[in-house]
Structure formats: C-alpha cells, structure tokens
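The values are calculated or read from the model by the stated rules, or taken from the named source; none is laboratory data. Being a predicted model, the structure only gives us computed values, none of them experimental. Cβ atoms come from the backbone with ideal geometry, glycine included; neighbour counts cover every protein chain shown.
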Amino acid sequence: MNKKQKAAKKYSSALISGLLNETTTAEKLQVSTKMQVAAHLQDLISAAGLSKGAFAEKVNKNPSEITKWLSGTHNFTVDTLCEIALALNVPVAELFAFEQTQVINKVQIVVSSKVTRPAVPFGSPLITCCDTQFYFATSKQPLLFPLTSFTS
Amino acid sequence: MNYEIVELEELSGCKATVYSIIKEGDRLTLFDHFIKEHVGQYREEIRFIINRLQEMGKTTGAREQFFKCNEGKPGDGVCALYDEPDKELRLYCIRYGKVAILLGGGGPKKRGTKAWQDDKKLTKEAQTIISISNDITNRLKEGEIYWSANGSQLSGNLNFSDHE
C-alpha cells in the first residue's frame, strides 16, 4: 500500500448509493427535519444558558428523554413542541427557524435546443433563432422547475 | 491488521467528512460489511442510519448529541450512533469533533444486552474500532497523520500495517 499519500482515497459504495436511491423524498425530508430540529433545539438550549439537566427540569422530564429529543431520531408532537417553546420562551415557529436544506442524490440535467427559422434575415439585430431550457430532476420525484429559460 | 482509511463519497459533505476502513485484500469497507450483513433483516434501519449519516455530512455536522459517547476508552472518540429504544442495530464509530466520523461495524443489540461486553459480535466490532482509534491517535501524535488546513480532513499516511 502507498505510504506517501495525502488526503484519503475517495470510495464510492454501490451498497450505500443503492439504499440512498431507495429512499423516498418524503423519508429524506423527515430525516432531515428531525435532525435539524434537534440540532437547532440544542443550540437554543445552549443559548438560553441551560444544561441538559436544567432544561429537563424546566419541561418536567427525565434527562434521558431530553437525550432522545436531541438525538435527531425523535418524532415531536405539537404538544411537546409547545412545551419546549414555553420553556425556552420562544415562539413555536422559532423551533423550525433553521435553514432548510434538501439533499438530492441524483440530478438529471435535460437540455433541449430548438432551432427556429429566423423571422427576419440574418444580420438583423432582432434575430431570434434558438430556445434553450434547462431542467433539474431527482430520481424519485422530479422537481421539474426551469432553472433558466432564455431566448437569444 | 493492515488497512487503509478511505473517504465515503456518498456520505461526506461540507459539514463533516465520513470515513471507513478497507482491510488489505478486501474490496469493501467495514461499513459496507455492516450493511451487507444486516440489510436482509434490518433494511429499514440501515436506510435510516445511512440517511442520518448523510445528513450529518451535508447539513448538521457530526454533533455529539447524535451519538452515544464513551463506548471505548476515555478520550478515544469511540462512540455508537444513537439508536432508538425500539431499534436493534448498533453502529460503532470514531467521532472527531463535529467535522469527521470514521465508521466501523456493529450488529444487533438484543434486549437485555446492557453493554457490548455482553455480546460476542458487538465485542469484536467494538474492539476493532477501539484498536483503530488507538492506531490513529498514535499517528496523530507522531505527526504522520494530520488535519487538513480547513480542519475537516485527515491527511498524511493513512495506510496502517502490523509490521510497523
């Protein structure tokens, strides 16, 4: 094995990508939201100057329950979110005030080009000869929004 | 054990780099073996684990709150990915702050198992990751391995051999 290499070799796993591609967009969003809510909640608890134990006391729960809430696996009910918001003295919406990101595993770029006969002779500054559109789509649920659409 | 640290492309992102190990003569990582061994019986759980790891890599970073810490020796970074009470699979890893994780193997933690020492398979997997952590710590101390300028990637000699 080579001993002088610098950064680690990149390894692409067919097993990982196969399982990621099986995941629906809804499942991805659920995982992402649970983890981001948990991360943001930890930040809010820290910003309030509370330890996990002190926060547990405020919401009248065992610290082990708080560990579960912060693990990024917990499916919060609206009631629990209200209790948390009251304990931290923030609006409920604040618990979701993080930048939403969506991880897309597969992107398909479709480029189509249509050549049209110029309405006016070449050489005219009003020439219109090409329509090009770009689209992004995920493998599971196409997000068919035009990135850009222009006529030159 | 001779092995090499590799970066898992699908899981790494701007928030955390996700690594695993390939043993000499093998084509799969320890994490791939973990998937292969358990995907038949625990497909949903494995998918959930992979998606959480990817989320850490791309969005949240490997925050301590997502792990069950202190599974190894004090300060060695060995931990397990947090598993819900109704889930069985336990995955061992080494966490380097929020910016890097090295994934090992794991297995089902049956009800009644309090610690990895109570289960043969978990003992084997936990001891493997503890030993890897020890090797990496020594290399970091010796300066053979170092963190990249942005502090999120391991660099240097990432191949390990028994004969050193």
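Things worth noting here:
- Answer residue from the range B:28-48, given it is part of a loop (DSSP other than H, G, I, E, B) and more than 10 Å from every other protein chain (Cβ to nearest Cβ) and is surrounded by the fewest Cβ atoms within 10 Å (Cβ to Cβ) among those: B:40
So that you can scan it fast, the table gives a plain yes or no per residue for (1) within 14 Å of chain A (Cβ to nearest Cβ); (2) hydroxyl-bearing (Ser, Thr, Tyr); (3) in contact with a Leu (Cβ under 9 Å, 6 or more places away or on another chain); (4) assigned to a strand (DSSP E or B):
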site	(1), (2), (3), (4)
B:93	no, no, yes, yes
B:107	no, no, yes, yes
B:124	no, no, no, no
B:127	no, no, no, no
B:133	no, yes, yes, no
B:146	yes, yes, yes, yes
B:152	yes, yes, no, no
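- When the residues of the range B:18-27 are filtered to those that are of a type outside the set (Gly, Ala, Ser) and at the interface with another protein chain (Cβ under 8 Å from one of its Cβ atoms), the one that is surrounded by the fewest Cβ atoms within 10 Å (Cβ to Cβ) is B:24.
- The residues on offer are A:45, A:84, A:66, and the sole one that is surrounded by 12 or more Cβ atoms within 10 Å (Cβ to Cβ), part of a helix (DSSP H, G or I) and away from chain B (no Cβ under 12 Å) is A:84.
- Odd one out for residue B:157 among (1) within 14 Å of chain A (Cβ to nearest Cβ); (2) in contact (Cβ under 8 Å) with a residue 40 or more places away in the chain; (3) in contact with a strand residue (DSSP E or B) (Cβ under 9 Å, 6 or more places away or on another chain); (4) not small (Gly, Ala, Ser): (2)
- Residue B:67 vs. criteria more than 18 Å from residue A:18 (Cα to Cα) and either surrounded by 23 or more Cβ atoms within 10 Å (Cβ to Cβ) or at pLDDT 95 or above (or both): yes
- Test: residue in the range A:25-41 that is more than 17 Å from the chain's Cα centre (by Cα), assigned to a helix (DSSP H, G or I) and buried (at least 20 other Cβ atoms within 10 Å of the Cβ): yes
- Residue B:123 meets the stated requirement of being β-branched (Val, Ile, Thr), modelled with pLDDT under 95 and closer than 26 Å to residue A:73 by Cα.
- Residue match in the range B:71-79 (condition: farther than 14 Å from residue A:71 by Cβ, assigned to a loop (DSSP other than H, G, I, E, B), of a type in the set (A, V, I, L, M) and more than 8 Å from chain A (Cβ to nearest Cβ)): no
- Qualifying positions in the range B:49-86 - of a type in the set (S, T, N, Q) and without any contact (Cβ under 8 Å) to a residue 40 or more places away in the chain: B:51, B:65, B:70
- Taking the criterion of being of a type in the set (Phe, Trp, Tyr) and touching a helix residue (DSSP H, G or I) at 6+ places or on another chain (Cβ under 6 Å), the only residue of the range B:132-164 that qualifies is B:160.
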